[in-house]
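What follows draws every value from the coordinates through simple rules; no lab data is involved. Small disclaimer: the values here were computed from a predicted structure and weren't measured. Every residue, glycine as well, gets a Cβ built from its backbone with ideal geometry; the counts of neighbours run over all protein chains shown.
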Amino acid sequence: MLCGGLALLGGGAQKNNMAGAALMTANCALAGALDGHSLDKRDEALLKELDAAGVKVALREKNALLEIDKPVTYAHGSSRLDGQSLKVVQAVAKVLLKYGDKPVDVIGHTAKGEHPSLAKMRAAEVMMVLSRNNKFTKFAIQDKGDTQPVGDNTTETGRERNRRVNIFIRLAPNAQMAAQ
């Protein structure tokens, strides 16, 4: 909380310089490594490269797990990546080529009322893009169907949020598969 507040203050102090706020936020994320899994230089380099590629991330599980902050989303009944989501996944894939020792978990979700197999198909589509030209990274796919909604399934906006794939990169060797 304090670190996030400092990032906002830092951005304001630089005449609403969003780049300054983003840099402070990234530094706060790196500073968070003091609690839990300690980020090594490769972990820090991975974070910086993802940030440089425009991919926002969040550290989870005491910094042992890196979550791509914006989930990849889908149209109703589809497992096909749209243009924006494809760009995010391709940016992650490009960075992962340098970090093949970091296992990746890809978790598919559906909105209520969608066919349950879509969750696995969505995760498989993302894994296919991530693994293209990458024979070193270990990938695990999991599908949660509609069991972990992040939005209200009674509204279209909520269902849009629930049609997603989450991507996690394990930083610590023994990091557990993400619950989401």
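Close amide H partners of D146, meaning residues 5 or more places away or on another chain with modelled amide H under 5 Å apart, are T110.
Measuring nothing but alpha carbons in segment 53-97 and taking Rh as the Kirkwood radius, the Rg to Rh ratio lands at 1.03. Along the axis of the charge dipole computed for segment 42-180 (Cβ charges of +1 for Lys and Arg, -1 for Asp and Glu, origin at the Cα centre), the listed residues N174, P71, P116 are led at the positive end by N174.
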